Structures are given as structure tokens and as C-alpha cells.
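The values are calculated or read from the model by the stated rules, or taken from the named source; none is laboratory data. Treat the numbers as computed from the prediction; the structure is a model and nothing was measured. Note that each Cβ is placed from the backbone with ideal geometry, even for glycine, and that neighbours are counted across all protein chains shown.
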Amino acid sequence: MKLQPVRTTISLSVAAMLLFLASCASAPVALPPVPQVPTLAGTYSGTLTVDGQALAGTLVIEGQGANHTFTFTFPEVGLVANGTGGPTESGFRADVPYSMTCPGNAVFTGRIEDEGQRLVGTFEANDCTGTMRGNFNFTRQG
């Protein structure tokens, strides 16, 4: 009985399998591109609008990842307000305490548009005078 041909067949099968595995390992795999998430950080100018009245101001956002600081400045009413927030699945959110007639808090919920050049959305502010709701639109500067 000859066992030689069996070894040759097994050796050829093992060699073919190794060549196949080697070709699979070295073949580049094309992955879909990772979408770029625009950064929030930057300086913006724009408006808050409540009941048809627009208030011009600036917004400076600093930070990275989930933690950002938001500084709103509205010279017309002498208000500078600092808050915190960051990106969400649908855009961003910021909680901003302020004090005008009395202490209050505003919550800004927005979207990042035009590849990070515009921030648009809504806000709700609550203080001793009641609740104010409106929208905002800020454009990146520089």
C-alpha cells in the first residue's frame, strides 16, 4: 500500500489553503469614510429672536469633545452670560445661567449647519419674569 500520494495530496491542500489565507490577509479592505463632525469651538455672531424682536450678539465656544463653555454677549442689553454644554446626536445643547432683572437659566438646543459655519435652533429662558422662548442663528466668524 502506498501512502506517498496521500501525503502529497494533503501537502498540496495545506499549501493551497495557506496561499489563500495569505492572499486574504494582504488584500486591502476598503472601509467607508468616517464622517467628519464639525467642531463647535469658535467665535460666532448672530441673533436671538423673541416675539419678532431680534437681539444681536456674539457667541464664543471653547473646548473639545463633550465639554464646552459657551459665552454669549449682547451689548444692546449689557448682558454677558457663561454656560456649559456640548454636542448631542442631533447637534448641541447648552445650559446658560444669566442675570438681568433676576437670575435665570436659558437652555439652547441647536443644529450645526453648513459644514460647521452656522448654529441654528431654539432656546427657552426662565427667570422671575416668566418663560421666554425664541430661536437663534449664529454664523462662524473668521
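Number of residues in the range 102-129 that are in contact with a strand residue (DSSP E or B) (Cβ under 7 Å, 6 or more places away or on another chain) and more than 17 Å from Y44 (Cα to Cα): the value is 10.
For the condition modelled with pLDDT under 90 and either in a loop (DSSP other than H, G, I, E, B) or within 18 Å of the chain's Cα centre (by Cα) (or both), what is the one hit in P5, P33? Answer to the selection: P33.
Looking only at the range 67-120, which residues are in a helix (DSSP H, G or I) and either acidic (D, E) or in contact (Cβ under 8 Å) with a residue 24 or more places away in the chain (or both)? Break it down stepwise before answering.
Taking the range 67-120 and keeping what is in a helix (DSSP H, G or I), we get 75-77, 114-116.
Of everything in the range 67-120, those that are in a helix (DSSP H, G or I) and either acidic (D, E) or in contact (Cβ under 8 Å) with a residue 24 or more places away in the chain (or both) turn out to be E76, D114, E115, G116.
Of the numbered criteria (1) farther than 21 Å from S45 by Cβ; (2) at pLDDT 95 or above, the one T73 fails is (1).
In the range 42-52, which residue that is at pLDDT 95 or above and not aromatic (F, W, Y) is surrounded by the most Cβ atoms within 10 Å (Cβ to Cβ)? Steps first, please.
To start, the set of residues in the range 42-52 that are at pLDDT 95 or above comprises 42-49.
Filter once more, keeping what is not aromatic (F, W, Y): 42-43, 45-49.
Numbers: G42: 17, T43: 14, S45: 13, G46: 20, T47: 16, L48: 22, T49: 14.
The qualifying residue surrounded by the most Cβ atoms within 10 Å (Cβ to Cβ) is L48.
Taking into account only those residues within the range 76-103 that are among the β-branched types (V, I, T) and modelled with pLDDT of 95 or more, which is farthest from L119 (Cα to Cα)? Within the range 76-103, the match that is farthest from L119 (Cα to Cα) is V80. Among the residues of the range 90-111, are any β-branched (V, I, T) and under 17 Å from T58 (Cβ atoms)? Checked the range 90-111: at least one residue is β-branched (V, I, T) and under 17 Å from T58 (Cβ atoms). Of the residues making up the range 89-110, those that are surrounded by 13 or more Cβ atoms within 10 Å (Cβ to Cβ) and of a type outside the set (A, V, I, L, M) are G91, F92, R93, P97, Y98, G104, N105, F108, T109, G110.
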